[in-house]
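**Q** Have a look at the structure that comes next, please.
Bear in mind these aren't lab numbers, they're just calculated from the coordinates by the rules spelled out. On a predicted model such as this, the values are computed, not experimentally measured, just so you know. We place every Cβ from the backbone using ideal geometry, glycine too, and count neighbours over all the protein chains shown.
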Amino acid sequence: MRLPGRTLRARIVWSTALVSAVAMAAMVGAVVVVLGVLTNHNISTALNNQLAAVTATVQFSATGGVSQLATPDDAIDDTTWVFDSHGAQIVGPRVGEHEQTTAVSLASTRARVEIDRRDRAYLAAPITIEKTGKVGAVVVVSASRQPYETSRDIVAAGLVLVGLLVAAGSAAIAAWTIRRALEPVESMAKLAEDWSEHDLESRFVGVGHDEISQLGNTLNVLLDRVANAIRSEQQLTSELAHELRTPLTAIRGEAELGMMISPDERLTRIVDLTDRMTSTINTLLAVARGHDSTGTRCFTSEVIAMALADLPATALRIQTVGPDLLVSAPVELAVRALAPLVVNAVQHAASEVTVTASANGRGVEISVSDDGAGLAAADPDELFTAGVRDEQSTGVGLGLALSRRVARTLGGDVLVTSPSSPTTFTLTMLRF
């Protein structure tokens with residue numbers, strides 16, 4: 001059985017307590033049943049012994065009546081009755097009306113009868129005359145069930161108490177055992193939490209040869225592989241960035257030389273685009289290397305303005321709405337996260353694109369909406385997978401994936417908050 005919302009330790013402890021309680025309850029139930037059977041057997045044995053003892057004292061006259069008892073009347077137990085063949089009481093105790101009525105009702109029995117009335121058991125049996133074979137008398141004996149049942153109840157209550165103690169003790173032992181067993185895991189979790197997101201050198205220090213230590217060693221091997229993969233990626237990114245910067249620098253230089261000879265607006269545009277591409281490469285390189293952005297901040301108006309400035313000329317109506325909020329992120333990274341959303345909206349809008357900034361608790365949301373036909377993908381989240389794009393898109397399916405990656409590097413995210421009417425992508429970042 002699974003207990004939702006609880007830790008592993010709590011689930012194990014509660015499961016142990018539950019299993020122990022069920023086992024003890026089954027044991028107590030079985031013992032109570034056995035005690036009930038034994039109680040009935042003991043009462044029946046006592047009645048039979050008492051009946052046999054009384055029957056041996058009964059003697060008959062020549063006429064078939066009870067002539068005398070072999071023992072004095074006062075020796076007859078106060079739970080014993082002797083009736084003649086006609087049902088008349090010969091010997092009997094002074095008891096309550098209910099007990100006397102029950103005994104009298106058995107006076108005319110011609111067969112062995114055992115019944116229970118209230119808290120007493122009764123046994124009646126006829127006595128036959130040896131010479132004639134006729135019934136000469138009826139003996140009725142009784143016994144209180146209360147002493148037997150009281151003993152049974154005391155034993156059952158004691159077993160219930162023992163069962164509760166056993167269940168509580170099992171839970172306590174399980175809690176202690178699990179706590180001792182999970183201490184290394186908790187220590188490993190705290191160590192991993194203290195490590196920096198990009199700390200590639202820290203490892204778990206395993207002592208002993210138990211399963212937890214083996215887990216730590218296995219995780220260390222995995223961390224080594226991950227670290228090697230990240231270092232390889234960082235090296236590849238650095239090499240690609242270097243290979244791209246070189247031709248970009250040359251292109252910018254040629255454009256500037258051309259402007260010195262013959263100023264041209266297109267050459268100025270080439271210089272601007274080259275600078276932006278260089279800035280983008282530097283930004284993506286910082287993301288790939290995991291550079292810490294702590295202490296950097298910018299305003300949403302600045303981020304939105306720079307993202308819109310990268311757009312080519314368009315006839316669409318583009319409007320910005322909302323307050324100017326301070327974001328805890330470098331402006332270059334924030335623009336790189338927002339720009340693909342704006343470009344995507346411009347490509348699919350019919351007439352209007354709206355960029356809205358708003359505060360949401362400790363976060364800042366920048367929503368980009370367009371009045372286009374909406375998303376055709378069955379699962380909008382698939383659009384953030386590299387290489388996946390909408391059927392109407394002219395891109396290669398990298399913009400939205402890059403946008404989400406940059407946003408998550410900043411501690412935020414990019415989500416589809418409305419698939420149509422209007423289509424809305426929302427960038428969330430931390431508020432400064």
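**Q** What nm value, rounded to one decimal, do you get for the distance between T385 and T320 when each label is placed 7 Å out toward the C-beta?
**A** So the two model labels end up 3.5 nm from each other.
**Q** I need the phi-derived Karplus couplings for segment 155-166: 6.51 cos²θ - 1.76 cosθ + 1.60, θ = phi - 60°, integer Hz, Gly and Pro marked x.
**A** Karplus-based 3J(HN,Hα) across segment 155-166 equals 4, 5, 5, x, 5, 4, 4, 4, x, 5, 5, 5 Hz.
**Q** What does the C-alpha gyration tensor say about the overall shape of segment 342-386? Classify as rounded when a/c is under 1.5, otherwise prolate if a/b is larger than b/c, or oblate.
**A** oblate
**Q** Using the beta-carbon distance between A309 and A192 and R0 = 56 Å, what value does 1/(1 + (r/R0)^6) give for FRET efficiency, to the nearest 0.05?
**A** Details: r = 42 Å, r/R0 = 0.75.
Calculated value: 0.85.
**Q** With θ taken as phi - 60° and the coefficients 6.51, -1.76 and 1.60, list the Karplus ³J(HN,Hα) couplings across segment 124-136 in order, rounded to whole Hz; mark glycine and proline as x.
**A** Coupling constants for segment 124-136: 10, 8, x, 10, 9, 7, 4, 6, 9, x, 8, 6, x Hz.
**Q** Do you know the relative contact order of segment 211-288, to the nearest whole percent, from alpha carbon pairs under 8 angstrom that are 6+ apart? Walk me through the intermediate numbers first.
**A** On the way: 26 pairs, mean separation 26.8, N = 78.
Here the relative contact order equals 34 percent.
**Q** State the extension gain, in nm to one decimal, for the chain segment bounded by I115 and R269, taking 0.36 nm per residue of separation less the distance between their alpha-carbons.
**A** Details: separation 154, 0.36 × 154 = 55.44 nm, distance 11.25 nm.
Once the chain is fully extended between I115 and R269, it gains 44.2 nm.
**Q** Taking amide H atoms as placed 1.01 Å from N in the peptide plane, list the residues 5 or more away in sequence, or in a different chain, whose amide H sits under 5 Å from that of T80.
**A** Here the answer is none, since no amide H 5 or more places off falls under 5 Å of that of T80.
**Q** Only Cα pairs under 8 Å and at least 6 apart count here; give the relative contact order of the chain as a rounded whole percent.
**A** Working: 591 pairs, mean separation 42.4, N = 432.
Once normalised by length, the contact order is 10 percent.
**Q** Calculate the radius of gyration of the Cα atoms of segment 307-350 to one decimal place, then report Dmax, the largest Cα-Cα distance, as a whole number, both in Å.
**A** Considering segment 307-350 through its Cα atoms, Rg and Dmax are 11.7, 33 Å.
**Q** GluC sites (Glu not before Pro) within segment 87-154: which are DSSP loop residues with at most 10 other Cβ atoms inside 10 Å?
**A** Working: sites: E97, E99, E114, E130, E149; in loops: E130.
Taking segment 87-154 and a limit of 10 other Cβ atoms within 10 Å, the loop GluC sites (Glu not before Pro) found are E130.
**Q** Still on this structure, please answer the following. When the helices in the chain are scored as -39500 (n - 2.57) per DSSP H run of 4 or longer and the sum is shared across all residues, what 222 nm value do you end up with, to the nearest 500 deg cm²/dmol?
**A** -18500 deg cm²/dmol
**Q** Sticking with this structure for a sec: Sorted by mean Cβ packing within 10 Å, highest first, what order do the peptides 16-25, 223-232, 334-343 take? Don't jump to the answer; show the numbers that get you there.
**A** Details: 16-25: 16.3, 223-232: 12.3, 334-343: 25.8.
Result, highest mean Cβ count within 10 Å first: 334-343, 16-25, 223-232.
**Q** Can you tell me the order of 310-319, 356-365, 234-243 when each peptide is scored by its average per-residue count of other Cβ atoms within 10 angstrom, highest first? Provide the component values of the computation, followed by the final result.
**A** Numbers: 310-319: 10.8, 356-365: 15.6, 234-243: 12.9.
Per-residue Cβ counts within 10 Å, averaged per peptide and sorted highest first, yield 356-365, 234-243, 310-319.
**Q** Under the definition of Cα pairs under 8 Å and six or more residues apart, what whole-number percent is the relative contact order of segment 9-151?
**A** Reported relative contact order: 22 percent.
**Q** Something else about it: Could you tell me, in Å, what Rg and Dmax come out for the Cα atoms of the chain?
**A** Computed over the Cα atoms of the chain, radius of gyration and Dmax are 47.6, 160 Å.
**Q** Hey, another quick one. Under a point spin-label approximation (7 Å from Cα along Cα-to-Cβ), what is the E233-R11 distance to one decimal in nm?
**A** Calculated label separation equals 3.0 nm.
**Q** Would you mind pulling out the separation of the Cα centroids of segment 213-282 and segment 97-151, in Å?
**A** 107
**Q** Amide H of F299: which non-local residues (sequence gap of 5 or more, or other chain) have their own amide H closer than 5 Å, using H built in the peptide plane?
**A** V327
**Q** At what distance in angstrom do the alpha carbon centres of segment 7-46 and segment 320-340 lie from each other?
**A** Between the Cα centres of segment 7-46 and segment 320-340 lies a distance of 67 Å.
**Q** If I model a spin label as a point 7 Å beyond the Cα along the Cα-Cβ vector, how far apart are those points for S418 and R276 in nm?
**A** Calculated label separation equals 2.7 nm.
**Q** Now, a different point. Fully extended, how many nm does the chain gain between N48 and S358 (0.36 nm per residue separation, minus their Cα-Cα distance)? It would help to have the intermediate numbers written out before the result.
**A** Numbers: separation 310, 0.36 × 310 = 111.60 nm, distance 9.31 nm.
Stretched fully, the N48-S358 segment lengthens by 102.3 nm.
**Q** In nm, what is the difference between 0.36 nm times the number of residues separating E97 and A181 and their Cα-Cα distance? Write out the running numbers ahead of the final one.
**A** Values: separation 84, 0.36 × 84 = 30.24 nm, distance 6.86 nm.
Gain on extension, E97 to A181, equals 23.4 nm.
**Q** List the residues, sorted by chain then number, that are 5 or more residues from E352 or on another chain and whose placed amide H is less than 5 Å from its amide H.
**A** Those lying under 5 Å, H to H, from E352 are R317, D371.
**Q** Apply the Karplus curve 6.51 cos²θ - 1.76 cosθ + 1.60, θ = phi - 60°, to the phi angles in segment 81-92 and return the couplings in whole Hz, x for Gly and Pro.
**A** Once θ is set to phi - 60°, the couplings for segment 81-92 become 10, 10, 10, 7, 5, 9, x, 7, 6, 9, 9, x Hz.
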